[in-house]
Structures are given as C-alpha cells and as structure tokens.
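Here the structure is laid out as structure tokens; the discussion comes afterwards.
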Amino acid sequence: MSPLRPALQEIPADVVALCDYERLAPEFIAPQAWAYLAGGSADEHALRENLAAFTRWQIEPRLLAELRGAHTRLTLAGTELAHPILVAPTAGHLMIHPDGEKAVALGAAAMQTPLVLSCHAGTAIEDLPRHPGAPLWFQLYLRADARSFLETLVRRVEAAGATALVVTVDAPVKGIRNREQRAGFKAPASVVAVHMAGAPPFPETQSAFDPRFIATFPTWDDIRWLRSITRLPVWLKGVLSPLDAVLAREAGCDGIIVSNHGGRTLDAAPSALEALPRIMDSIDGLLPVIVDGGIRRGTDVFTALALGADAVMIGRPVLHGLAVAGAPGVAHVLKILRSELEVAMVLAGCPTLADIGTTLLKQR
Ligand code: FNR
Ligand code: LAC
C-alpha cells in the first residue's frame, strides 16, 4: 500500500487551516490506509465526541489587556518548549509518504515541536534527523511478559537521545475497528514496527480472554517497574478516569496524557476534553497534563489549556499535512495551529499560557 499520488511540492494558496489538509488528504492516501487513519472504533461515537466536545465551550473575549512581552513558552516536566503543541505518536507514516517519520521529524523540528515517535513507527529512532530545540520522545506499550525485551528497547531509545517516554496503556487489545474491517485494511510491510523486532510474538488467538493473551496485559506493577529502570520522565497515555490519574501519580509517573486514543479504542469512552475537569480536580496540580483528541484549531488548544491542560498533542492533522505536502506540510499544520493559538490569546487578553483559565470559558 503506497501513497496514491506524490505529495505536492508547493502548498496551494487555499490551504489555510487544518481542515483544508484533511479535505485534500484522501487524494494522496490509498482508501484502505485512509480507513485506518481516519477511522475510530465501532460506531465512531468517541471519534465524533472528540470534535463535538470543543463546540460546547465558548471563549469570552477580553479587551484592552496589557500584552507586552506575550509568548507561548512553557516548561513541561523539565523540558523548555516554545509552544504547547506536540506531535502525538501515530503508526504507519510510510503508508502515507515515502519519507514517513523522517519527514514528520523534519516538519516538527522546523516548528520546534516535540515529536513522540510511535513504537509502531516504520523508521528506526537512530535514523531520524535530530534537531536541538525539538525534543524526541518515544512511545511504547508495556507487556507483562516481555520485561527483558522492553528494557533493551528503553536502553536503545535512551542511547538514541529520546528525552521522555510515553507509555500508552489504553490499548492492551485493539479496538473494534469496523471501518478498517469493511475497507479490508491490513497493515502492509511498510508499517513493520522496526522497534518491536525481537519482541516475543503475541499468541494467535480469537479471544481477548485467552489466558495466554491476558498474560501479556500490563498492570500498575509494570509501570512501577518501568519507573525503576529509567531516569527519563514517564508519561502515562490514555488516562480518562480520575482514579487512574491518582494511581499514575502513586506509581511514579511524571505526567499524564488524557486521551481516548483518537476514538480508536473504547467507543463508549468520553472525549479527553470531557474527562479533563474531574481529572484536574483529582490530581490537584501535582502532575503535568497533556490532552489529545480532536484538536483542530488554535481555539481548541486554548480551551484545553483553559480546562487545565499544560499542553496538547495532535495526531491525524499531522498525517494530513504529511500526505499532502510532506515535511513542509507537517510544519505548516503546526504553524497554523500555533498562529491560531496566538490570535486566540490576544483576543482573550492572555499574554502567557498561565493566563488562560476557566474564567475565560463559557459553556454553551
Ligand atoms: C494513533 N494513536 C496512537 N497512539 C499511540 O500511543 N501509539 C500509536 O502507535 C498510535 N497510532 C495511531 C495511528 C493513527 C493512524 C492514529 C489516528 C492515532 C493515537 C494518537 O496518539 C492520538 O491519541 C490521537 O490521534 C489524537 O487524536 P487526533 O488528534 O487524531 O484527533
Ligand atoms: C492505532 C495503534 C497503532 O491506534 O495505536 O492504530
């Protein structure tokens, strides 16, 4: 499965928002790969909810505020960032563009944006272009039955310069991906998860309850174990319950990522945005929080921050930019979002991210 047509050399003048990239992207991506990228699980309630959640909030404009020295900088678990937007871990970039993760890394670096490399990436971490000022994080899944493999992987990504680990825990099983099934999507050879070579194979089974499969599911013990073997900050991705946010802190995580995996796992799950306020209450400012799912506008970034997040991640929009225009498309997507956030901050009278708070939000 390869791209339908080569990415554009020049970004068309009418591509001015993330939705323009989304509109054009299917021209560049094979239909089965599009079903994988765009789809959610089951009836796609969670996928739609991710977008709908943002429409329930309005931002009350504030006038005549002092904005001298305004900026979008922040420190996130010890890392200085130019702005609060990160590239979420996503698999399968080589299905979308021949330069795959390399193009995404280049585009992200051009916008001083941290890239979270998926452990299902088709490109090895050692082969990515490195840029000071654009941190590289690594996302992995834990397995209860593969600690020695995982320890080797952690040492490898540490040596390659990863500056944080993201442990995704909301997908011990794959969601019910009906859109993928209907489209006949099968991961092609180009999405071979190169970092997983040498991992013990999953048992061939039809049932999530097969004891051999259950034996692979990680528990909080595995999080504590990971915490004990590395000095890198550990972010727990996929938190939607305030109870799990508290457990994450107790297990020693350095931050949490509130996420429903882009609506790709439990279809009845709430959106991250909806889950956020109760999670913020439960951790009482003791852990930094990233949110992802459905962020398509600078005002969405603003809303997520107003509800308590420190930063956001974007998944699909990066892939749309990659498909349409390669590395420059990725950079442009990030640039648009950052510029829109700056405009929202000016119009809401916020010179810094710390000024963005719930008092500026109104529920529709
Ligand atoms: C993902 N996501 C994901 N998450 C993860 O932890 N590891 C992974 O390998 C992947 N792979 C992946 C592939 C594709 C095609 C998509 C769309 C998503 C989830 C991702 O990190 C993120 O949580 C969501 O994409 C955020 O939602 P938006 O921005 O796509 O709406
Ligand atoms: C997905 C897996 C790779 O969402 O996390 O497709």
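Nothing in this text is a laboratory measurement; each read-out follows from the coordinates by a stated rule. Everything quoted here is computed from the prediction, not taken from an experiment. Note that each Cβ is placed from the backbone with ideal geometry, even for glycine, and that neighbours are counted across all protein chains shown.
The magnitude of the dipole of the range 96-184, with charges of +1 and -1 set on the Cβ of Lys/Arg and Asp/Glu and taken from the Cα centre, is near 260 debye. Ordering Leu273, Leu8, His332 by the projection of their Cα atoms onto the charge dipole of the chain, which places +1 on the Cβ of Lys and Arg and -1 on the Cβ of Asp and Glu, puts Leu8 at the extreme positive end. Residue ranges 202-208, 271-277 sort as 271-277, 202-208 when ordered by packing (mean number of other C-beta atoms within 10 Å per residue, highest first). Rounded to the nearest 20, the Cβ-based charge dipole of the chain about its Cα centre (Lys and Arg +1, Asp and Glu -1) stands at 180 debye. Taking the charge dipole of the range 169-238 about its Cα centre, with +1 at Lys and Arg Cβ atoms and -1 at Asp and Glu Cβ atoms, the residue from Val234, Ala197, Thr216 reaching farthest to the positive side is Val234. Peptide packing: for 134-145, 351-362, the average count of neighbouring Cβ atoms within 10 Å per residue gives the ranking 134-145, 351-362, highest mean first.
Peptides 262-268, 329-335 ranked from most to least packed by the mean count of surrounding Cβ atoms within 10 Å: 329-335, 262-268.
Working note: Karplus 6.51/-1.76/1.60 with θ = phi - 60° gives the range 193-205 the couplings 7, 4, 6, 9, 4, x, 6, x, x, 6, x, 6, 8 Hz, where Gly and Pro are set to x.
For the range 21-114, a/c is not less than 1.5, where a ≥ b ≥ c are the root eigenvalues of the C-alpha gyration tensor, and a/b does not top b/c. That puts it in the oblate class. Annotation: aspartates and glutamates with alpha-carbon distance below 17 angstrom to Lys335 (same-chain offsets under eight excluded): Glu10, Asp14, Asp20, Glu22, Asp300. Look at the dipole of the chain built from charges on Cβ: of Ile314, Gly262, Ala103, the Cα furthest out on the positive end belongs to Ala103. Dipole magnitude for the range 212-303: computed about the Cα centre from +1 point charges on Lys and Arg Cβ and -1 point charges on Asp and Glu Cβ, it is near 280 debye.
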